[in-house]
Amino acid sequence: MNNFTGKMWTCGGPEIISTYDALRWLAAEVKPASYLEIGVSGGRSMQTIFEIHRPDRMVLCDLWDPNQTWGGSGNTNHRHISDWLYARGYPDSSVRFLDGDSKVLIPTLKEQFELILVDGNHSAEGALQDLINCWPLLSPNGIMILDDVAHPSYPGVALAFTQFISCTPDVDFVMESRRVWWHRVALMCKRTGL
């Protein structure tokens, strides 16, 4: 799928400042056929991927909680995302919405994904569980992104990230953006051949 296996993106890759930079770059370079996102909210991350490359298949998971306080859109369902995709001619059969708790819904998935964005529960326990649940769904040489690794309001995300990479033997490489301290993103690739 990609040609980044074994490379540190900090050496030869672009300057990744935000999640959107990472998504733009991955959409252009990797052109993922399948995309899973946890924490869709207003849909900006999915739209960033979609504007550059349309995945053949997407699964989008969110609680759609109107009371969420972390960048939430206040939407109570996925209708705004569905309408946005429909307006761009994306077939309903190519997108699946998981409306509810990712800790419950992600383990029901069986298919694999070339690109996964984890930006849901920002507690240490919640973020770690999302990472653990998503990793088996990541294709060999697939890329998983974790958002808000250094956000001062969500110290649990950094803890979850550290715990995850220390106990996951098939993480081939890790790249963390460091320029924007409050909104750091981590990218992980799944090693093949273990």
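The values are calculated or read from the model by the stated rules, or taken from the named source; none is laboratory data. In this text, all values refer to a predicted model and were calculated from it rather than measured experimentally. A quick note on method: Cβ atoms are made from the backbone with ideal geometry, for glycine too, and the neighbour counts reach across all protein chains shown.
For Leu117, only one of the following conditions fails: (1) of a type outside the set (Phe, Trp, Tyr); (2) exposed (fewer than 15 other Cβ atoms within 10 Å of the Cβ); (3) in contact (Cβ under 8 Å) with a residue 40 or more places away in the chain. What is its number?
So the condition that Leu117 fails would be (2).
When only residues in the range 79-114 that are without any contact (Cβ under 8 Å) to a residue 24 or more places away in the chain and touching a Phe, Trp or Tyr at 6+ places or on another chain (Cβ under 8 Å) count, which is farthest from Asp148 (Cα to Cα)?
The residue in question is Asp92.
For the range 120-139, name all the residues that are under 20 Å from Thr192 (Cα atoms) and free of Cβ contacts under 8 Å to residues at least 60 places away in the same chain. Reasoning before the result, please.
Looking only at the range 120-139, we keep the residues that are under 20 Å from Thr192 (Cα atoms), and these are 131-139.
Matches in the range 120-139: Leu131, Ile132, Asn133, Trp135, Pro136, Leu138.
I'd like to verify a number: residues in the range 72-101 that are crowded, with 16+ Cβ neighbours inside 10 Å and touching a Leu at 6+ places or on another chain (Cβ under 8 Å), how many?
Selection size over the range 72-101: 5.
Look through Gly156, Gly142 and report the one residue that is in contact (Cβ under 8 Å) with a residue 40 or more places away in the chain and not hydroxyl-bearing (Ser, Thr, Tyr).
Working: Gly156 fails: in contact (Cβ under 8 Å) with a residue 40 or more places away in the chain.
Residue meeting the stated conditions: Gly142.
Give the residue, chosen from Pro14, Pro55, that is at pLDDT 90 or above, touching a Phe, Trp or Tyr at 6+ places or on another chain (Cβ under 6 Å), not β-branched (Val, Ile, Thr) and not in a strand (DSSP E or B).
Pro55
Can you pull out the residues in the range 119-139 that are of a type in the set (A, V, I, L, M) and either part of a helix (DSSP H, G or I) or touching a helix residue (DSSP H, G or I) at 6+ places or on another chain (Cβ under 9 Å) (or both)? Reasoning before the result, please.
Initial filter on the range 119-139 (of a type in the set (A, V, I, L, M)): 124, 127-128, 131-132, 137-138.
Hits for the range 119-139 are Ala124, Ala127, Leu128, Leu131, Ile132, Leu137.
In the range 140-153, how many are in contact with a helix residue (DSSP H, G or I) (Cβ under 8 Å, 6 or more places away or on another chain) and either at pLDDT below 90 or of a type in the set (Asp, Glu) (or both)? Reasoning before the result, please.
Just the residues of the range 140-153 that are in contact with a helix residue (DSSP H, G or I) (Cβ under 8 Å, 6 or more places away or on another chain), to begin with: 143-151.
Now narrow it down to the ones that are either at pLDDT below 90 or of a type in the set (Asp, Glu) (or both): 147-151.
Of the residues in that region, 5 qualify.
Answer yes or no as to whether Thr48 is of a type in the set (Ser, Thr, Tyr) and either without any contact (Cβ under 8 Å) to a residue 12 or more places away in the chain or in contact with a helix residue (DSSP H, G or I) (Cβ under 8 Å, 6 or more places away or on another chain) (or both). So that I can check it myself, show each step before the final result.
Values: of a type in the set (Ser, Thr, Tyr): yes; either without any contact (Cβ under 8 Å) to a residue 12 or more places away in the chain or in contact with a helix residue (DSSP H, G or I) (Cβ under 8 Å, 6 or more places away or on another chain) (or both): yes.
Criteria met by Thr48.
Could you look through the range 17-32, keep only residues that are among the β-branched types (Val, Ile, Thr) and not in a helix (DSSP H, G or I), and pick out the one that is modelled with the lowest pLDDT? Step through it out loud before you land on a result.
Filtering the range 17-32 for residues among the β-branched types (Val, Ile, Thr) gives 17, 19, 30.
Filter again for not in a helix (DSSP H, G or I), leaving 17, 30.
On the way: Ile17: 67, Val30: 89.
Filtering first and then ranking leaves Ile17.
Looking at (1) part of a helix (DSSP H, G or I); (2) modelled with pLDDT of 95 or more, which is the one condition that is false for Ile116?
Unmet for Ile116, out of (1) part of a helix (DSSP H, G or I); (2) modelled with pLDDT of 95 or more: (1).
With the condition kept exactly as written, say whether any residue in the range 154-177 is at pLDDT below 85, surrounded by 14 or more Cβ atoms within 10 Å (Cβ to Cβ) and over 16 Å from Val118 (Cα atoms).
Looking for residues that are at pLDDT below 85, surrounded by 14 or more Cβ atoms within 10 Å (Cβ to Cβ) and over 16 Å from Val118 (Cα atoms), one finds at least one in the range 154-177, hence yes.
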